Structure formats: C-alpha cells, structure tokens
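Enquirer: Please read through the structure below; I'll follow up with questions.
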Amino acid sequence: MAGNSQRRNRRTSNKKGMKVGTGGHRRKALEGKGPTPPAADRKGHKKNRVAKSVAKRTVSSQSRRPSGRGAKSTAELVVGRNSVVEALRAEIPSTAVYVQQYIDTDDRVREAIKLATDRGVPLMEAARPELDRMTNGLNHQGMVLQIPAYEYAHPEDLLETAANSHEDPLIMALDGITDSRNLGAVVRSMAAFAGHGVVVPERRAAGMTAGAWKTSSGAAARVQVARATNLTRTLEAYQKAGLIVVGLAADGDVDLHELEALAGPVVIVAGSEGKGLSRLVGETCDYLVRIPMPGGSESLNAGVAAGIVLYEAARRRA
C-alpha cells in the first residue's frame with residue numbers, strides 16, 4: 001500500500017498545474033506583421049539594390065539635361081548678421097529676411113530690419129530650431145537672408161540683345177572660373193564697357209551667387225549671364241553666327257593691341273588663373289591673345305583680364 005501511495009504522489013506531482021497568465025503583454029509578439037512587402041522595397045534584397053541604382057542613375061541623368069531659356073539655379077541662404085547686412089546694403093535680390101524670435105538686437109539687427117523694410121523685403125519671425133534646420137546648424141546668429149534662384153539666359157539671348165541694340169555682339173565667356181567673385185567682377189566690367197553678356201558653363205563653374213551679386217555692385221541687374229551646357233559647342237555656334245572667338249592666353253601669338261577683330265562681333269574667352277583655357281576651348285578659338293605685362297607677372301585673374309580686354313574692345317568701337 002505504501003508503494004502504491006508513493007507512485008500516486010509522484011504522478012500527481014508531475015502534473016502541470018495552472019500558471020499565471022501574461023495579461024496580454026505578449027500578445028503583440030504573436031500578431032502578424034502584415035503582408036510581405038515587394039522585393040524591391042525590402043532592405044538588403046537584390047531587387048532593392050537594383051531599384052536604388054536605377055533611381056540614382058535617373059536623378060543623375062536629369063541633372064545633366066541641358067538648360068534652356070530661363071533655366072534657374074537653386075535658392076541661396078545668406079547666414080549671419082554681418083553677411084545679411086552686407087547683402088542688403090549691396091541690394092542683392094532678396095525673397096525674405098528671417099529673424100529669430102526674441103533676438104537680442106544690436107546695430108546690425110536694427111540696420112538689417114530697416115534696410116529690408118525700406119526695400120519691401122518681407123520680414124519673417126522664426127524660432128531658433130527652425131533657423132537651425134534651414135541652415136543645417138550653421139552659426140546664423142539669429143538672422144538668415146533668402147536669395148531667389150537666379151534665372152539664367154540662353155547663349156542665343158545675348159545675340160538678340162546685341163541685335164536689338166543695333167550693335168556688334170561683345171560677349172565674354174568664362175572657362176574654368178570657379179570663384180563667384182571673379183564672375184561678379186567680369187559682370188561689372190561688362191556693364192562698364194557696354195558688353196552684351198557673360199557665358200558660363202553649366203557644370204564646374206562659378207554661378208550667380210550672393211558673392212557674385214555683391215562683387216558686381218549692382219551690375220548683375222543689368223547684364224545677362226547665360227549658362228551653356230557645353231562651352232565648346234556654344235563657341236562653335238557663335239562662330240557660325242559670325243562671331244570671332246578670342247581666347248586669352250599667356251603664351252598667345254597675338255598681342256592685345258594688335259587684334260583688329262575686337263572692333264567687330266566677338267566673344268572673348270578667359271580661363272582660370274592657374275590652368276588657363278581648357279584644351280578643347282583653346283583649339284576652338286580663332287585667335288589666342290596675350291596681354292603684354294612689362295612688370296613680368298605670369299597671369300592675371302579673370303576679373304582684371306576681362307576689364308583690360310573689354311576696355312580695348314570699347315576703345316576700338318568708339
């Protein structure tokens with residue numbers, strides 16, 4: 001009997017009894033995650049990598065499309081109290097001035113607000129986190145100026161401008177100039193010597209930024225800047241239209257004062273101070289001209305060189 005009792009007790013003790021429930025805490029773990037997404041949307045899947053590669057190529061090809069008439073750059077932000085004040089003093093086109101809420105005012109803030117108000121530029125109040133987001137965390141000092149996208153002309157527009165003025169075209173092209181201040185200086189010289197516009201390449205070249213506007217001292221509002229998808233092809237198109245292409249080169253075979261072509265329809269090409277004209281552009285030029293420099297300097301920056309050549313062209317056309 002004792003043995004039978006022990007066997008019953010062992011069987012009873014091995015039975016699973018009732019356990020305390022989870023109270024639903026693990027219910028979400030048991031729920032499904034919905035339908036399986038398409039392979040192209042699953043991170044790490046081969047089709048997902050292919051889809052990303054195709055999208056990347058599409059964006060890249062769109063960015064390489066040639067710009068036509070009215071092509072625009074992207075909007076630009078001028079950040080910091082001094083920079084904002086200087087841009088407003090230079091009368092750079094502006095969309096809005098963003099001022100931080102509860103900003104500690106000083107002379108720069110008061111002047112910026114007055115200049116913006118006098119010019120009719122909208123004043124926008126913004127919280128500091130919003131300005132941090134706009135400027136990607138730059139030290140904006142509570143003031144940000146928004147500049148509208150610049151609307152570039154088409155290279156053919158410069159010929160139309162000259163025709164409407166009943167003048168032979170006088171155009172400046174920049175090859176490999178990446179400093180926007182040089183572009184602004186060239187634009188200023190074009191305005192001073194009655195030129196018809198400036199051509200810049202679409203890629204790897206300076207554009208009409210706030211720095212270019214400021215250096216032009218307001219001339220950018222009167223002189224057209226055109227953007228060329230391919231500078232060499234643009235110069236060839238100008239040649240077909242009857243223009244002489246003159247390249248500036250330290251080792252040119254003609255002195256500036258000897259070049260009679262400056263009196264007629266001409267496009268003058270300036271290269272970068274360090275590399276000069278690119279090979280294809282140099283081969284396209286009808287003349288390679290040097291500026292005599294008794295002082296022995298090896299090269300001039302684009303802004304200075306453009307001013308000298310445009311003066312000589314204006315003198316011959318007078």
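Enquirer: How long is the gain from R133 to E258 if the chain were fully straight, where each residue apart is worth 0.36 nm and the alpha carbon distance is subtracted?
Expert: Stretched fully, the R133-E258 segment lengthens by 39.4 nm.
Enquirer: Give the calculated FRET efficiency between R222 and A75 to the nearest 0.05, with a Förster radius of 22 Å applied to their Cβ-Cβ distance.
Expert: Using R0 = 22 Å, I get an efficiency of 0.50.
Enquirer: Which trypsin sites (Lys or Arg not before Pro) in segment 191-226 sit in a loop by DSSP (not H, G, I, E or B) and have at most 15 other Cβ atoms within 10 Å of their own Cβ?
Expert: For trypsin sites (Lys or Arg not before Pro) across segment 191-226 that sit outside H, G, I, E and B with at most 15 neighbouring Cβ atoms in 10 Å, the list reads R203, R204, R222.
Enquirer: In segment 137-218, which GluC sites (Glu not before Pro) fall in coil by DSSP and have 16 or fewer other Cβ atoms within 10 Å?
Expert: Filter output for segment 137-218: E167.
Enquirer: Same structure again: For segment 81-177, state which chymotrypsin sites (Phe, Trp or Tyr not before Pro) are in a DSSP loop and have at most 16 other beta carbons lying within 10 Å of their beta carbon.
Expert: Y102
Enquirer: On to the next question. Give me the 1.4 Å probe accessible area per residue for segment 192-274, excluding ligands and nucleic acids, in Å².
Expert: Using a 1.4 Å probe on heavy atoms only, each residue of segment 192-274 averages 42 Å².
Enquirer: Please list, ordered by chain and number, the residues whose modelled amide H lies under 5 Å from the amide H of M124; skip anything fewer than 5 residues away on the same chain.
Expert: Under 5 Å from the amide H of M124 lie the amide H atoms of V97, Y98, V99, each far enough along the sequence or on another chain.
Enquirer: Right, something else. Which whole-Hz couplings ³J(HN,Hα) result when phi for each residue of segment 277-292 is put into the Karplus expression 6.51 cos²θ - 1.76 cosθ + 1.60, θ = phi - 60°, listed in order with x for Gly and Pro?
Expert: Each residue's phi maps through the Karplus curve to give 6, 5, 4, 5, 5, x, 6, 7, 5, 6, 9, 10, 10, 10, 9, x Hz.
Enquirer: Extent of segment 126-240 along each principal axis, from alpha carbon coordinates, in Å, largest to smallest?
Expert: Here the Cα extents, ordered largest to smallest, are 55, 27, 20 Å.
Enquirer: Stretched out fully, how many nm does the piece from E160 to D107 gain, at 0.36 nm a residue minus the Cα gap?
Expert: Difference between extended and current length: 14.5 nm.
Enquirer: Related question: Quick query: amide H of A228 versus all other amide H atoms, modeled in the peptide plane; which residues come in under 5 Å with a sequence gap of 5 or more or a different chain?
Expert: Amide H to amide H, under 5 Å and 5 or more residues apart or across chains, A228 pairs with V200, E202.
Enquirer: Taking θ = phi - 60°, what integer Hz values does the Karplus form 6.51 cos²θ - 1.76 cosθ + 1.60 yield along segment 247-264, in sequence order, with x for Gly and Pro?
Expert: Running phi through 6.51 cos²θ - 1.76 cosθ + 1.60 with θ = phi - 60° gives x, 8, 8, 4, 9, x, 9, 10, 6, 4, 5, 8, 8, 6, 4, 5, 7, x Hz.
Enquirer: Next up: Taking the Cα-to-Cβ direction at A241 and at D286 and moving 7 Å from each Cα, how far apart do the two end points lie in nm?
Expert: 1.4
Enquirer: Rounded to whole Hz and in sequence order, give me ³J(HN,Hα) for segment 152-164 from the Karplus expression 6.51 cos²θ - 1.76 cosθ + 1.60, θ = phi - 60°, writing x for Gly and Pro.
Expert: Coupling constants for segment 152-164: 6, 7, 8, x, 5, 4, 5, 5, 5, 4, 5, 5, 5 Hz.
Enquirer: On to the next question. Given H placed on each backbone N at 1.01 Å, which residues far from I244 in sequence or on other chains put an amide H within less than 5 Å of it?
Expert: V266, V267
The values are calculated or read from the model by the stated rules, or taken from the named source; none is laboratory data. Everything quoted here is computed from the prediction, not taken from an experiment. Don't worry about glycine lacking a Cβ; one is built from the backbone with ideal geometry, like all the others, and counts go over all protein chains shown. What goes into the accessible areas is simple: the full protein's heavy atoms, side chains included, and nothing from ligands, DNA or RNA. Shrake-Rupley method; radii C 1.70, N 1.55, O 1.52, S 1.80 Å.
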